[in-house]
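The values are calculated or read from the model by the stated rules, or taken from the named source; none is laboratory data. Remember, predicted model here, so these are calculated numbers, not experimental data. Quick reminder, even Gly has a Cβ in these numbers, built from the backbone with ideal geometry, and neighbours come from all protein chains shown.
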Amino acid sequence: MAERVEQEEIFSQVLRAGRRTYFFDVRATKADDYYLTVTESKKFTHDDGSFHYQKHKIYLYKEDFSDFKEMLNKATDYIISQKGSEVISERHQKDFKKSTESFVEQAATAESFTDVSFEDI
């Protein structure tokens, strides 16, 4: 199996997003055409204070740019139209656990608390 040798970056941009960093790097093929690599690097810290990075990379070639941008736009537009632009994940809400516990406590003490499936919440 041939090892893929990374070409030097011709143009780079970095997006830092919490524990994740995204690298957008333009590279050259052997034929001196350009392609894009998008790398997600996520930092993991161990209990002893040491850490490691986990990286995921995609390669995007010019012939796929148009379809890729169209699919990305459709997917992101769908998410925004369905859920809005406010971040609601538990990792991004510092008081998520506290508010969830409070909700459960209130529901458990309510007189009309019957037949509630927490899978539906």
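Residues of the range 14-38 being basic (K, R) and outside any loop (DSSP other than H, G, I, E, B), which ones? Selection gives R16, R20, R27.
Could we say that S41 is over 18 Å from the mean Cα position of the chain (by Cα), in a strand (DSSP E or B) and at pLDDT 65 or above here? So S41 fails the test.
Return the total of residues in the range 10-27 being within 16 Å of K62 (Cα to Cα) and either surrounded by 13 or more Cβ atoms within 10 Å (Cβ to Cβ) or among the basic types (K, R) (or both).
First, the residues of the range 10-27 that are within 16 Å of K62 (Cα to Cα): 10-11, 24-27.
Right, trim to either surrounded by 13 or more Cβ atoms within 10 Å (Cβ to Cβ) or among the basic types (K, R) (or both) and you get 24-27.
Matching residues across the range 10-27 total 4.
Examine the range 61-68 for a residue that is surrounded by 10 or more Cβ atoms within 10 Å (Cβ to Cβ), in a strand (DSSP E or B), among the basic types (K, R) and without any contact (Cβ under 8 Å) to a residue 40 or more places away in the chain, and state whether such a residue exists. No: zero hits.
Counting just the residues of the range 28-60 that are touching a helix residue (DSSP H, G or I) at 6+ places or on another chain (Cβ under 9 Å) and over 29 Å from S89 (Cβ atoms), which one comes out surrounded by the fewest Cβ atoms within 10 Å (Cβ to Cβ)?
First, pick out the residues of the range 28-60 that are touching a helix residue (DSSP H, G or I) at 6+ places or on another chain (Cβ under 9 Å): 33-36, 60.
The next check asks that each one be over 29 Å from S89 (Cβ atoms); those that pass are 33-35.
Numbers: D33: 10, Y34: 13, Y35: 17.
Within the range 28-60, the match that is surrounded by the fewest Cβ atoms within 10 Å (Cβ to Cβ) is D33.
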